[in-house]
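Visitor: Sending over a structure as structure tokens; questions will come in a sec.
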Amino acid sequence: MADQSVFPSVDALPHDTRALVLGHPVGHSLSPLMQDAWLDRAGLNGRYAALDVAADDLADTIAALRKRAGDGALAGFNVTVPHKEAVLDHLDSLSPSARQMGAVNTVRIQDGRLAGFNTDGIGFMRHLDQTVPHWPVTRPPLVLGAGGAARAVVSSLIAREVPFVMLSNRTREKAEALAAALGRGRVTVVDWEDRSAALAGAGLCVNTTALGMAGQPPLALDLGPAPADMVVYDIVYKPLHTPLLQAAAARGLATVDGLGMLAGQGAAAFELWFGVRPVYDAALKARLMEALGERD
Ligand code: ATR
């Protein structure tokens, strides 16, 4: 677990709080460790805090943050489960990606106004481009899952030059709803039972489901049909080397882990708040992995 303090209310936050994360529960968040490291490296005074906010307290909390931002120290906040959709009602403006996703993970406070962004898709794509710069973009990716994370992943993929996106989810209706909301004809729904066969033509396979996470069953996927240059990306980061990534590596496929996506969305938020793009390097990865109790 990350070494951090979780605060119960805006009044309890330290005076040098520059940014924070709102969630419930929020004690497991790696964001304070990561953002504090970047604040230190950038020579910015102050800290990043975690605030535990129950759904019923979201409106009052945001009103209190808005008031507090008047003194200038607070640059903004991250929003995590379960507030990413509900927070939209309390903001003054939305970026195009936040509007498209109907979800906000980053809020910037400027001149008393709250602007909502969604950096999950940016984090996903930057980490993919950095880890496997020549991933096969000319063949369709297969995305597994249809929750909030899938939404960010699919919309960032269709913004690229992939021919179309294949989407497969245990509950087919949810995949169809996501395809209709985002696809503009560029998302094809694949039956959950057909997910392994669909790998035959894929350039990338992304797991956005909870499967493979500590305490969950592994994702059942036969990588046999996958082309030799297909990339496997698992957004689960606990464990970092999920059974899916282990199976992919054993077949010689390129793999991308979920910790870099987490860092990427955080780095994009930091840049929105402070105007500096922070670096996710081996030292920071090692600290995050230590906090997770993971080994490389
Ligand atoms: P997030 O916002 O992190 O994406 P979510 O909205 O809870 O989380 O979505 C979880 C995803 O994991 C869903 O696609 C879910 O499939 P359903 O829509 O059918 O529920 C998927 N998922 C969770 N447990 C699963 C399981 N045992 N088998 C297959 N898919 C599972």
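Only the coordinates and a few stated rules stand behind these numbers; no lab work does. This structure is a prediction, so every number in the text was calculated from the model and none was measured. When we count neighbours, we look across all protein chains shown, and the Cβ atoms used for this are built from the backbone with ideal geometry, even at glycine.
Visitor: Compute the semi-axes of the equivalent ellipsoid of segment 109-264, taking the square root of 5 times each eigenvalue of the Cα gyration tensor, and list them largest first in whole Å.
Guide: 24, 18, 16
Visitor: Extension gain H28-R186, at 0.36 nm per residue separation less the Cα-Cα distance, in nm?
Guide: Length difference between fully extended and current span is 53.3 nm.
Visitor: Something else: Rank P96, V206, W273 by how far each Cα sits towards the positive end of the charge dipole of the chain (+1 on Lys, Arg Cβ; -1 on Asp, Glu Cβ) and give me just the farthest.
Guide: P96
Visitor: Further, regarding this structure: Size of the dipole of segment 154-224 about the Cα centre, Lys and Arg at +1 and Asp and Glu at -1 on the beta carbon, nothing else charged, in debye to 20?
Guide: 240
Visitor: Still on this structure, please answer the following. Among F77, L20, N169, flag the residue with its Cα farthest along the positive direction of the charge dipole of the chain, charges on Cβ as +1 for Lys/Arg and -1 for Asp/Glu.
Guide: With unit charges placed on the Cβ atoms, the residue in question is N169.
Visitor: Quick check of the Kirkwood formula: for segment 14-117, what is the inverse mean of 1/r over all pairs of different Cα atoms, in Å?
Guide: Numbers: mean 1/r = 0.0725 Å⁻¹.
Final number for the Kirkwood radius of segment 14-117 is 13.8 Å.
Visitor: Please state the charge dipole magnitude for the chain, taken about the Cα centre, from unit charges on C-beta atoms (+1 on K and R, -1 on D and E), reported in debye and rounded to the nearest 20.
Guide: Here the chain has a charge dipole of around 540 debye.
Visitor: For segment 202-292, give the magnitude of the charge dipole about the Cα centre (Cβ charges: +1 Lys/Arg, -1 Asp/Glu; no others), in debye to the nearest 20.
Guide: 120
Visitor: For the chain, build the charge dipole from Cβ charges (+1 Lys, Arg; -1 Asp, Glu) around the Cα centre, then report which of G43, T188, L58 sits farthest towards its positive end.
Guide: T188
Visitor: Over all directions, average the projected area of the Cα convex hull of the chain and note it in nm².
Guide: The Cα convex hull of the chain, projected and averaged over all directions, gives 14.6 nm².
Visitor: OK, next. What is the spin-label model distance, in nm, from A282 to D129 if the labels are put 7 Å beyond Cα along the C-beta direction?
Guide: Reported label-point gap for A282 and D129 is 2.4 nm.
Visitor: In deg cm²/dmol, rounded to 500, what helix-only [θ] at 222 nm does the chain give when every DSSP H run of at least 4 residues adds -39500 (n - 2.57) and the total is split over its residues?
Guide: Values: 10 runs with 101 residues, N = 296.
Rounded to the nearest 500, it is -10000 deg cm²/dmol.
Visitor: Still on this structure, I have one more. What do you get for Rg/Rh over segment 175-296 if you use C-alpha atoms and the Kirkwood form of Rh?
Guide: 1.01
Visitor: Suppose we keep just the DSSP beta bridges with both residues in the chain; what percent of those would be antiparallel, to 5?
Guide: 20
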